[in-house]
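Single-structure report; data block below.
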Amino acid sequence: MLPTEYPRDQKALTVSEAAALFDRSASWVRDEIAGGRLKTLHPAGQRPVRVTETSVKALQRFILERSRATEGKQLPVLRLVVDNTK
């Protein structure tokens, strides 16, 4: 398969559809694409951007597993302490 050829029968979602599934913004989806966690169906720069359904499901599983791993654990607390006596 040439680098410019992509399977036509693979299911894909638009950026806005993927954002709705994750309950996040379109820019979050674009950041995930840039980070390599979501795969696009066609070469970069081509519009409209379509995200593969396979990568969306894989990222959903990853997020779910990560949230289960941290469930019940107390998150660290960050406190800002300022000394104004000087």
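Less than 5 angstrom separates the built amide H of Thr14 from those of Val51, all sequence-distant by 5 or more or on a different chain. Scattering from the range 17-86 was approximated by placing one identical point on each alpha carbon and applying the Debye formula without solvent; log10 I(q)/I(0) at 0.17, 0.19, 0.25, 0.26 1/Å stands at -0.71, -0.82, -1.14, -1.19. All other residues with a Cβ under 14 Å from the Cβ of Ala26 taken together, and with Lys, Arg as +1 and Asp, Glu as -1, what is their net charge? Around Ala26, the surrounding residues sum to 0. A crude spin-label estimate for the pair Thr40 and Ala26, with each label 7 Å from Cα along the Cβ direction, gives 1.4 nm. Computed 3J(HN,Hα) for the range 10-22, one whole-Hz value per residue from the Karplus formula 6.51 cos²θ - 1.76 cosθ + 1.60 where θ = phi - 60°, is 6, 6, 9, 10, 6, 4, 5, 5, 5, 4, 5, 4, 8, glycine and proline marked x. Karplus-derived 3J(HN,Hα) values for the range 47-62, using 6.51 cos²θ - 1.76 cosθ + 1.60 with θ = phi - 60°, are 10, x, 6, 10, 9, 5, 5, 4, 5, 5, 5, 5, 5, 4, 5, 4 Hz; glycine and proline are entered as x. Of the peptides 47-60, 73-86, the order by per-residue mean of other Cβ atoms within 10 Å, starting with the highest, comes out as 47-60, 73-86. Modelled this way, with points 7 Å down the Cα-to-C-beta line, the labels at Arg79 and Arg61 are 4.2 nm from one another.
Every number here is computed from the coordinates shown, using simple stated rules; none is lab data. As the structure is a computational prediction, the values presented were derived from the model and not from experiment. Every residue, glycine among them, receives a Cβ derived from its backbone with ideal geometry; neighbour counts consider all protein chains shown.
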